[in-house]
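Asks: Structure in structure tokens, see below.
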Amino acid sequence: MVGTPKGNLITVVEARQYSGGDSGPKFMAIRRSEDKGSTWSEMDYVLNDGTFQDGMNLGTILVDEITSEVFIFYTHCAHYVKCEVSTTYMVSSRDEGKSWSRPRNISQEIGTMMFAPGPGYGLQKRYAPHKGRLLTCGHGTLAGDGVFCLISDDHGAHWRYGGVMKSIPYLQAKKRGDFDPDENQPVELPDGSIIVNARNQYLYHFHCRIIMRSYDGGETFPLEHLYFDETLIDPAVAAGAYYSNGVMYFSNTASEVHLSVLVYFSNTANEVSNTASSNMMLRWSYDNGTTWPGALPIWDKAAAYSTLMMLPTNDVEDQQHLYLLYEKGVNSSAESISLVKISLYGNL
């Protein structure tokens, strides 16, 4: 999900055709809202994998706030099921998501190493260094995993790899306890640094989130700026993060014991069993994620992936509302995708 400078919301999801598995053919499904989430367009199917055995894996969505162009990144052949070469593609829109370009193969620039963008959103740097830079992060295969970020300094005309944090061991089968940062969400802070909040795939150190920080616009993620946030319990799912007006927000499935901030973070976490994905929580922090004093329960049953967004306009009302998009259900998180509009000051 992404918000545009014109005040529109765009959501994009994988519509899996025949099964809930990560591989297999899919549609890229998009819906738009032009009234701050009150009503939505009909589903628009932008891409169709047909019968491709290892189909599209989303992905990140990114808005260039200077040109108003919207980009979506995705990967084909992420699992090498009846295919040998992984390819990263990009589609773009110049009319607020109403129409989309033909897919562009950016593996011709970055190579064919498997790169799975996101999931979540990419960002455009608002502060130095490298103000205006576009950045989207993702992960690799389960053997050659880790966090990898793509960078463009010419509004998406060309892309290259920036910061990397590889798994240990690299290019080798993993087991419980190995270091493996996986699906992730980057957030820019007012000092121009970039925090990447990553899934802890094999529960290295503790079943919590891995936090990385770059001070050079996403070129590097030094080990001295990596830590494990033991407050943010992680059942190994994709979580949401967002920063606005001095607050970090985080969304995840979380136990009631471990509550977390306005870096906003959303995720599903359970201290006792990392396999139980339920209890969607919104957490917030007033000190860039050092502590997480605030928590808001969203859904107490099955939940999984989530993402957070605010509309990037100068409208005072838009700065008072946070949007949380997440998978939810009663028995299974695959039952539905829901949107929650949260008033930060109690007025909807």
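Asks: Consider the stretch 208-218. How many of its residues are assigned to a strand (DSSP E or B) and of a type in the set (G, A, S)?
Replies: Here the count works out to 1.
Asks: Separate question: Only one of (1) modelled with pLDDT of 95 or more; (2) closer than 17 Å to A78 by Cβ is not met by A143, so which one is it?
Replies: Every listed condition holds for A143 apart from (1).
Asks: Just to check your reading of the model, which residue among F221, F265, F250, F228 is part of a strand (DSSP E or B), modelled with pLDDT of 95 or more and touching a Gly at 6+ places or on another chain (Cβ under 9 Å)?
Replies: Answer to the selection: F250.
Asks: Now for a different question. When you look at L308, is it aliphatic (A, V, I, L, M), modelled with pLDDT under 90, closer than 15 Å to N197 by Cα and buried (at least 18 other Cβ atoms within 10 Å of the Cβ), yes or no?
Replies: no
Asks: Being within 30 Å of R94 (Cβ to Cβ), surrounded by fewer than 23 Cβ atoms within 10 Å (Cβ to Cβ) and out of contact with any Cys (no Cβ under 9 Å at 6 or more places or on another chain) is true for just one of G144, G156, G177. Which residue is that?
Replies: G156
Asks: When you scan the stretch 155-196, how many residues do you find that are assigned to a loop (DSSP other than H, G, I, E, B), among the acidic types (D, E) and closer than 22 Å to L58 by Cβ?
Replies: Residues meeting the conditions: 1.
Asks: Further, regarding this structure: Considering only residues that are surrounded by fewer than 22 Cβ atoms within 10 Å (Cβ to Cβ) and within 14 Å of G122 (Cβ to Cβ), which ones fall in the stretch 68-89?
Replies: If the condition is that a residue be surrounded by fewer than 22 Cβ atoms within 10 Å (Cβ to Cβ) and within 14 Å of G122 (Cβ to Cβ), then E69 is the only one that fits.
Asks: Now, a different point. Out of all the residues in the stretch 35-58, which are surrounded by fewer than 20 Cβ atoms within 10 Å (Cβ to Cβ), touching a strand residue (DSSP E or B) at 6+ places or on another chain (Cβ under 8 Å), in a loop (DSSP other than H, G, I, E, B) and not small (G, A, S)?
Replies: K36, T39, W40, E42, M43, D49, F52
Asks: Tell me, which residue of the stretch 46-83 that is among the hydroxyl-bearing types (S, T, Y) and over 24 Å from I151 (Cα atoms) is modelled with the lowest pLDDT?
Replies: T51
Asks: Those residues that are part of a strand (DSSP E or B) and of a type in the set (G, A, S), I need them from the stretch 59-107; list them, please.
Replies: Matches in the stretch 59-107: G59, S92, S93.
Asks: Which of the residues spanning the stretch 307-323 are touching a strand residue (DSSP E or B) at 6+ places or on another chain (Cβ under 6 Å) and either over 24 Å from P190 (Cβ atoms) or not in a strand (DSSP E or B) (or both)?
Replies: Once the filter is applied, which keeps residues that are touching a strand residue (DSSP E or B) at 6+ places or on another chain (Cβ under 6 Å) and either over 24 Å from P190 (Cβ atoms) or not in a strand (DSSP E or B) (or both), the stretch 307-323 yields M310, L311, P312.
Asks: Only one of (1) crowded, with 17+ Cβ neighbours inside 10 Å; (2) modelled with pLDDT of 95 or more is not met by S338, so which one is it?
Replies: (1)
The values are calculated or read from the model by the stated rules, or taken from the named source; none is laboratory data. Because the structure is predicted, anything quoted here is derived from the model rather than measured. Backbone-built Cβ (ideal geometry, glycine too); neighbour counts: all protein chains shown.
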